[in-house]
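Student: Can you read through this structure? Questions will come right after.
Every number here is computed from the coordinates shown, using simple stated rules; none is lab data. Since the structure is predicted, the reported quantities are computational estimates derived from the model, not experimental observations. All Cβ positions, even for glycine, are placed from backbone atoms using ideal geometry, and neighbour counts span all protein chains on display.
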Amino acid sequence: MTLDTPTLLIALAAAEFASALILLAFLVSLKKANRATRLAFAIYAPAMFLVACGTVLVAFRSEISAFWSITFANALFLIGFALRPEAIAVFYGRPARGWMLLAALSGWTVICIVPDFFASFTLRLIFVQSMLLAAAAYSVWRVFRLNSEHLTSVRLFMVGSFLEASAYLMTIGSQIIYQHESLKVFANPIQPLAYLVLLMVAIVIVSASFVAMAIERIQVRFEKQALTDSLTGLANRRAFIKAAKRWFSSTAQTQAYTLILIDIDHFKSINDQFGHTAGDRVLASFGTAMKSIFARAIPPGRIGGEEFAVLLPETEKADAVHLLGRLREVISQCAICPKSEASGITVSAGLITATTSHDFEQAFDHADQLLYEAKKTGRNRHVALDKTVPSDELTIVNTANQPRGMVASL
């Protein structure tokens, strides 16, 4: 088989059809993906089918009329490639604007209805290739701007888009340089072949990277679910300890920190008196308050039923106690049940301030002992110890001299 332009066009169309089928098959199998991912594939797969159909029409241009091989084929190219940045936007949960599709079709309509424009092969080619280049560049810009999930497979998408843009620039450059009808791009036996091969590789890479991005998103979501407490949105015990140890190992110098373990007082009584729905509501509200107040800390975690932990890097005991006080104020105003005026949720806490020269697990066990001491001595209080000060003594602070609210009196 001779490696000529028609042969490469058929090969390119085959690659485009294969990419479309892979995207379509992946769409059918995307049962665990979110709605944005499925909708993005529902846009991208048909777009690749349109591009492939356009390539087939160009491959058989000697056997069909100019309407099909030029007017209709290029319209399919413009629609297909203009839909890709829209698929990218939808993939990241943004609305499809459609302005590039409108601009491409409007420009192509003008070229087709003006005889002098349509008669110019150079003008037609430069316009179509410029629009395809703009679509590729816009897709890259959208991926770069919207990739808040930090998907690593985006790099493969960038590589494919760069190769695709290079193919378009190659064709545009040749036409601008020669500026002569007799030197059409496909009259050169080398440049069109390089263009088609480069475009074929680029389209396969871009389509494969789009699938890889979807797979990576699903994996990231599952990993996040495995490390997140679904009720509170906080890190679970495993994730919290992992993040804390990662911070310990990443500190180049010895740094101070405060570790706080917090327990909601009389939580079992809340479940018994108001029901588990009310208990879940308390936990969810507590998680929201933790994320808000300890926003600059290592992500706080729910390490047990009603027990929580937070690690505050470079934080002295007094500052940690202040943040704990803010948390008490917020949760004391939380209603346990919408149909009841019961409130006054209280907590007990154990705080230990130490340095990274101490073992984290020992500090965790020590904070747990301090929490136990706070609960044993009456709850609604915190017990603190600063190990960075050799002479520091155990501090027990009763938050309220008298129990507050219904829960505190249980």
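Student: List the lysines whose alpha-carbon lies under 20 Å from that of K376, not counting same-chain residues fewer than 8 positions away?
Tutor: K376 reaches K268.
Student: For the pair R61 and C334, how long in nm is the line joining their label points, each one 7 Å along Cα→Cβ?
Tutor: 6.8 nm
Student: Order of T109, T315 from fewest to most other C-beta atoms within 10 Å? Write out the running numbers ahead of the final one.
Tutor: Working: T109 12, T315 22.
Result, fewest neighbours first: T109, T315.
Student: Mind checking the angle between helix 154-178 and the chain's longest principal axis? C-alpha axes, 0 to 90 degrees, to the nearest 10.
Tutor: Computed tilt is about 30 degrees.
Student: Over all directions, how big on average is the projection of the convex hull of the alpha-carbon atoms in region 1-86, in square nanometres? It would help to have the intermediate numbers written out before the result.
Tutor: Values: hull surface 25.1 nm².
One quarter of the hull surface, i.e. the mean projection, equals 6.3 nm².
Student: Could you give the radius of gyration (one decimal) and Dmax (whole number) of the Cα atoms in region 5-226, in Å?
Tutor: Using the Cα atoms of region 5-226, the pair Rg, Dmax is 17.8, 64 Å.
Student: When the scattering of the chain is computed by the Debye formula from its Cα atoms alone, each counted once and equally, what is log10 I(q)/I(0) at q = 0.06, 0.09 Å⁻¹?
Tutor: -0.44, -0.70
Student: Continuing with this model, one more query. If you rank M131, M170, M100 by fewest surrounding Cβ atoms within 10 Å, what's the result?
Tutor: Numbers: M131 23, M170 17, M100 20.
Exposure proxy ranking, most exposed first: M170, M100, M131.
Student: List E314, E373 from most exposed to least, where exposure is judged by having the fewest other Cβ atoms within 10 Å. Present the calculation step by step, with values, prior to reporting the outcome.
Tutor: Details: E314 11, E373 17.
Going from sparsest to densest Cβ surroundings: E314, E373.
Student: Can you list the lysines whose alpha carbon is less than 18 Å from that of K317, not counting same-chain residues fewer than 8 positions off?
Tutor: K387
Student: Straight-line reach only, C-alpha to C-alpha below 20 angstrom: list the aspartates and glutamates that K32 could link to, leaving out same-chain residues fewer than 8 apart.
Tutor: Output for K32: E149, E216, E223, D229.
Student: Does anyone have the angle between helix 191-226 and the longest principal axis of the chain? Alpha-carbon axes, 0 to 90°, nearest 10?
Tutor: Once rounded, one gets 20 degrees.
Student: Still on this structure, I have one more. Connecting C-alpha atoms closer than 10 Å in a GNM of the chain, tell me which of P115, P192, P313 has the biggest fluctuation.
Tutor: Judging by the Gaussian network model, the answer is P115.
Student: Next question. Using Cα atoms only, what is the angle between the long axis of helix 237-250 and the major principal axis of the chain, expressed in degrees (0 to 90) to the nearest 10?
Tutor: Here the helix axis deviates by roughly 80 degrees.
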